[in-house]
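Visitor: Okay, handing you the structure first.
The values are calculated or read from the model by the stated rules, or taken from the named source; none is laboratory data. Fair warning: this is a prediction, and the values are worked out from it, not measured in the lab. Positions of Cβ are generated from backbone atoms using ideal geometry, with glycine treated the same way; all protein chains shown enter the neighbour counts. Side chains are part of the model used for accessible areas, which takes the heavy atoms of the whole protein and leaves out ligands, DNA and RNA. Shrake-Rupley method; radii C 1.70, N 1.55, O 1.52, S 1.80 Å.
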Amino acid sequence: MTTIQTNPVSTNESRLTSGIDAQVDTQAILEQYDRESVTRHSQDRKVRIIIALLAIAYSLFHLYITFNPLPELIQRSIHVSFGLGLIFLLYPASARSSRTTISWYDWVWVLASFAGAIYIIFQYQDIMTVRGGIPNTLDIVISMITVITVLEGARRMTGWILPVFSLIFLAYPFISHLSFMPNRLLTRPYDLGDIFGQLFLKTEGLYSTAIGASVTFIFLFILFGAFLARSGMGQLFNDLALALAGHKQGGPAKVAVISSGFMGSINGAAVANVVGTGAFTIPLMKKIGYNKEFAGAVEASASVGGQILPPIMGAAAFIMAQTTGVAYSTIALAAVLPALLYYLGVIMQVHFRAGKNNLKGMPKADLPKIKEVLKARGHMLLPIVALVYFLANNVPVSYAATYTIAFTVIVSWLRAETRMGVYDIIEALQDGAKQSLSVMVACAVVGIVIGVVNLTSFGTVMTSSIVTLGAGSLFLTLILTMLASMVLGMGIPSIPAYIITATMAAPALASFNIPVLIAHMFVFYFGIFANITPPVALAAFAGAGIAGGDPMKTGWQSLKLALAGFIVPFMFVYNPTMLMIDTTNVAVTARDFNIPAYYEIATVAITSIIGVIALSAALEGYFKAPLAIWQRIVIALGALCLIVPETMTDLIGLVIIFIMWGLNMRKHK
């Protein structure tokens with residue numbers, strides 16, 4: 001569930017936003033572009049108590065199984081069934097349904113959703129030992145009920161696209177043996193037992209590794225984010241960003257990039273982050289002179305990038321760890337340099353745009369002081385430091401998350417502004433449960449796709465098709481994989497987009513001996529960036545709604561701001577040193593990697609940083625002085641030379657860029 005976390009408005013923020021006349025209904029914008037926010041608020045006190053108790057119990061269950069795990073099938077089924085129960089209580093069936101009362105059929109859906117977990121709990125021994133996973137008639141009936149409830153829950157939260165996509169896959173094994181099917185898609189006949197047994201009785205369908213990651217890791221980190229939000233972390237990020245960058249050239253836009261990046265890393269909800277932080281930052285950007293489309297695009301590109309920013313990286317990184325078997329700490333370390341390059345590209349375009357249009361920062365007198373911010377709320381950075389420490393010292397991820405939640409509560413007591421009481425803890429438990437539902441239902445419904453792919457040969461067919469179309473060219477195969485990832489990411493959340501592309505598209509790169517970590521990072525990036533890629537750029541459209549700009553123009557501007565993010569994945573495929581991993585003589589399925597020599601990492605980092613800065617200048621047509629068209633083209637070519645992982649191209653790129661920089665400095669003086 002997506003919510004806008006509100007924080008008390010500080011005196012400085014009130015002063016900064018004074019004089020801004022444009023008022024926008026942020027909740028209406030959020031509901032327009034984010035189905036997860038369309039919730040009901042029951043007026044019946046008893047119903048509210050039931051929902052609260054169920055949400056609290058849901059959170060406590062996940063904390064309990066961290067230290068007292070149950071059999072995988074049981075805990076995953078409980079995670080799905082009781083999460084679906086919350087969905088049917090919180091989300092209306094349609095736009096015409098009441099937003100204040102729960103209909104009788106919603107209660108039927110709740111009971112139906114509980115059936116799957118209750119059945120598995122009581123029949124677990126027979127399923128595992130007596131029947132050996134071979135379904136009987138009652139197994140098939142309960143499986144069909146569970147599949148239907150998952151599809152309906154996904155429809156209510158995400159819209160029609162993902163359920164219909166899953167239904168198409170579900171139909172495939174029913175018709176895959178018929179004569180009209182192309183030869184490559186022909187399979188043996190499958191009966192109801194084969195299909196629904198695969199989906200329900202095994203951990204390769206509804207209860208796949210994606211749901212395993214959701215129940216074991218993702219839920220706990222969403223809960224951690226809920227505790228941070230209740231302690232006022234959002235206020236800390238805003239104030240800290242204002243203190244650090246508010247007075248700089250183009251200050252409000254830099255504030256948006258910094259604060260939205262931090263918040264996006266924790267909550268992983270791009271559209272909600274755009275609306276939550278953009279309601280404050282976008283009016284400030286417009287106030288100092290940025291146009292509407294650019295202001296909305298800055299917020300969108302910064303919010304989307306949070307999902308690639310360590311240490312938390314939204315939620316998909318935990319699924320990547322579960323799917324690939326690569327340690328989460330390795331994934332987080334690998335993501336550091338690409339994430340920094342992405343944000344460098346955004347913030348440098350913001351900087352050059354401000355220089356070109358002579359956009360000043362905000363008066364220092366109106367901004368919070370760094371010392372004051374750190375004194376009031378700086379201690380709330382300690383939980384994040386603790387999390388990094390736990391992960392760096394190979395503490396199991398679920399343990400690290402749980403310890404950090406407890407540490408957050410303790411640290412919050414150091415100051416009155418952040419102190420969490422019993423009420424705050426209870427509310428955080430509820431918030432975490434509700435915010436986890438979108439991830440749970442996305443992983444569950446995509447489990448239908450995974451189950452069918454594992455049952456049939458469809459995944460192999462998809463992979464071989466990409467390889468065939470790639471005609472033996474790694475670059476062309478990367479382009480096709482990128483397009484597949486982005487098309488899938490348009491209209492469905494980034495998590496199911498990643499799971500689907502990781503299942504069907506990423507294996508295509510294995511034929512080129514690309515290690516699984518690199519392949520998954522590649523599709524992960526492009527599935528996320530679909531949120532700011534027209535024609536379906538939901539995060540950009542939300543930013544346009546707040547800014548009052550044109551949605552499609554905002555989408556294209558977001559794409560331009562995020563251009564470094566589209567280039568970086570190609571860079572780390574050709575030069576894995578950027579991910580701080582050494583792939584020399586490692587297998588495609590490698591899970592452990594050595595760290596390259598430090599001078600190699602430094603070389604890649606320095607040339608990439610110069611290349612991204614140069615590319616940003618070329619895109620904006622400004623460095624210290626305006627750039628002519630021919631200069632922009634030459635600088636862009638020099639930037640691309642630096643991006644190509646070859647010593648000669650690096651030297652050529654450096655020479656080109658420093659010559660052009662010198663000419664621009666002379667013009668400036």
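Visitor: If I filter region 660-669 down to residues being in a helix (DSSP H, G or I) and free of Cβ contacts under 8 Å to residues at least 12 places away in the same chain, which single residue comes out as most open to solvent (accessible area, probe 1.4 Å)?
Guide: Result: Arg666.
Visitor: For the subset of region 32-77 comprising residues that are of a type in the set (Ser, Thr, Tyr) and assigned to a helix (DSSP H, G or I), which member is surrounded by the fewest Cβ atoms within 10 Å (Cβ to Cβ)?
Guide: Here the answer is Tyr64.
Visitor: Counting only residues that are at pLDDT below 90 and in a helix (DSSP H, G or I), which one in region 126-140 is most open to solvent (accessible area, probe 1.4 Å)?
Guide: Val130
Visitor: Let me ask something additional. Give the residues of region 182-217 that are free of Cβ contacts under 8 Å to residues at least 60 places away in the same chain and among the aliphatic types (A, V, I, L, M), sorted by residue number.
Guide: If the condition is that a residue be free of Cβ contacts under 8 Å to residues at least 60 places away in the same chain and among the aliphatic types (A, V, I, L, M), then Leu186, Leu192 are the ones that fit.
Visitor: Among Gly355, Gly361, which is part of a loop (DSSP other than H, G, I, E, B) and either open to solvent by 10 Å² or more (accessible area, probe 1.4 Å) or touching a Pro at 6+ places or on another chain (Cβ under 7 Å) (or both)?
Guide: Among Gly355, Gly361, only Gly361 is part of a loop (DSSP other than H, G, I, E, B) and either open to solvent by 10 Å² or more (accessible area, probe 1.4 Å) or touching a Pro at 6+ places or on another chain (Cβ under 7 Å) (or both).
Visitor: Something else: Scan region 487-496 residue by residue and report those that are surrounded by fewer than 21 Cβ atoms within 10 Å (Cβ to Cβ) and hydrophobic (A, V, I, L, M, F, W, C).
Guide: If the condition is that a residue be surrounded by fewer than 21 Cβ atoms within 10 Å (Cβ to Cβ) and hydrophobic (A, V, I, L, M, F, W, C), then Val487, Met490 are the ones that fit.
Visitor: Answer yes or no as to whether Phe593 is of a type in the set (Phe, Trp, Tyr), surrounded by 15 or more Cβ atoms within 10 Å (Cβ to Cβ) and farther than 17 Å from Trp661 by Cβ.
Guide: yes
Visitor: OK, next. Which residue, of Ile331, Ile347, Ile384, is closer than 22 Å to Ile211 by Cα and buried (at least 18 other Cβ atoms within 10 Å of the Cβ)?
Guide: Ile331
Visitor: Hey, another quick one. Here is a list of conditions, (1) open to solvent by 20 Å² or more (accessible area, probe 1.4 Å); (2) in a loop (DSSP other than H, G, I, E, B), and Lys287 meets all of them except one; can you say which number that is?
Guide: Among (1) open to solvent by 20 Å² or more (accessible area, probe 1.4 Å); (2) in a loop (DSSP other than H, G, I, E, B), the lone unmet condition for Lys287 is (2).
Visitor: Restricting to region 555-585, count the residues that are over 13 Å from Leu478 (Cβ atoms) and not in a loop (DSSP other than H, G, I, E, B).
Guide: 15
Visitor: Just for region 430-448: of the residues that are buried (at least 22 other Cβ atoms within 10 Å of the Cβ) and either of a type in the set (Ser, Thr, Tyr) or more than 20 Å from the chain's Cα centre (by Cα) (or both), which one is farthest from Ser81 (Cα to Cα)?
Guide: It comes out as Ile448.
Visitor: Which ones in region 618-637 are open to solvent by 60 Å² or more (accessible area, probe 1.4 Å) and not in a helix (DSSP H, G or I)?
Guide: Hits for region 618-637 are Lys624, Pro626.
Visitor: If I ask for residues that are at pLDDT below 85 and of a type in the set (A, V, I, L, M, F, W, C), which ones from region 182-201 would you list?
Guide: Correct list: Leu185, Leu186.
Visitor: Do we have any residue at all in region 382-392 that's over 24 Å from Ala241 (Cα atoms) and small (Gly, Ala, Ser)?
Guide: Scanning region 382-392 turns up at least one residue that is over 24 Å from Ala241 (Cα atoms) and small (Gly, Ala, Ser).
Visitor: Shifting gears a bit: Got a number for residues in region 148-175 being open to solvent by less than 10 Å² (accessible area, probe 1.4 Å) and farther than 24 Å from Thr39 by Cβ?
Guide: 1
Visitor: Give me a count of the residues in region 284-301 that are under 14 Å from Thr533 (Cα atoms) and hydrophobic (A, V, I, L, M, F, W, C).
Guide: Matching residues across region 284-301 total 3.
Visitor: Taking region 184-236 as the search range and keeping residues that are surrounded by fewer than 23 Cβ atoms within 10 Å (Cβ to Cβ) and of a type in the set (Val, Ile, Thr), which one is nearest to Ala401 (Cα to Cα)?
Guide: Thr209
Visitor: Determine which member of the set Ser103, Ser143 is crowded, with 20+ Cβ neighbours inside 10 Å and not aromatic (Phe, Trp, Tyr).
Guide: Step by step, each of Ser103, Ser143 is checked, and only Ser143 is crowded, with 20+ Cβ neighbours inside 10 Å and not aromatic (Phe, Trp, Tyr).
Visitor: Within region 534-545, can you find the residues that are modelled with pLDDT of 85 or more and open to solvent by 10 Å² or more (accessible area, probe 1.4 Å)?
Guide: Phe541, Gly545
Visitor: Determine which member of the set Val411, Val452, Val461 is closer than 23 Å to Ala519 by Cα and buried (at least 19 other Cβ atoms within 10 Å of the Cβ).
Guide: Exactly one of Val411, Val452, Val461 is closer than 23 Å to Ala519 by Cα and buried (at least 19 other Cβ atoms within 10 Å of the Cβ), namely Val452.
Visitor: Exactly one condition in (1) under 21 Å from Ala564 (Cα atoms); (2) of a type outside the set (Gly, Ala, Ser); (3) in contact with a Phe, Trp or Tyr (Cβ under 9 Å, 6 or more places away or on another chain) is not met by Gln322; state its number.
Guide: (1)
Visitor: Six or more apart or on different chains, Cβ atoms under 6 Å: show the pairs whose first residue is in region 529-543 and on the phi > 0 side of the Ramachandran plot and free of Cβ contacts under 8 Å to residues at least 60 places away in the same chain and whose second is of a type outside the set (Phe, Trp, Tyr) and surrounded by fewer than 23 Cβ atoms within 10 Å (Cβ to Cβ).
Guide: Within 6 Å, no pair qualifies.
Visitor: Which residue pairs have Cβ atoms under 6 Å apart, sit 6 or more places apart or on different chains, and have a first residue in region 308-331 that is in contact (Cβ under 8 Å) with a residue 60 or more places away in the chain and a second that is open to solvent by 30 Å² or more (accessible area, probe 1.4 Å) and aliphatic (A, V, I, L, M)?
Guide: Pro311/Val388; Thr324/Val516
Visitor: Same structure, new question: Val80 - would you say it is open to solvent by less than 60 Å² (accessible area, probe 1.4 Å), at pLDDT 95 or above and under 30 Å from the mean Cα position of the chain (by Cα)?
Guide: yes
Visitor: Let me ask something else. Within region 435-447, is even one residue more than 30 Å from Ile50 (Cβ to Cβ), in a helix (DSSP H, G or I) and not β-branched (Val, Ile, Thr)?
Guide: No: region 435-447 contains no residue that is more than 30 Å from Ile50 (Cβ to Cβ), in a helix (DSSP H, G or I) and not β-branched (Val, Ile, Thr).
Visitor: Scan region 638-659 for residues that are in contact with a helix residue (DSSP H, G or I) (Cβ under 7 Å, 6 or more places away or on another chain) and surrounded by fewer than 17 Cβ atoms within 10 Å (Cβ to Cβ) and jot them down.
Guide: Correct list: Thr649, Ile652.
Visitor: Going through region 497-515 one residue at a time, which ones are open to solvent by 10 Å² or more (accessible area, probe 1.4 Å), aliphatic (A, V, I, L, M) and more than 16 Å from Thr460 (Cα to Cα)?
Guide: Across region 497-515, the qualifying residue is only Ile514.
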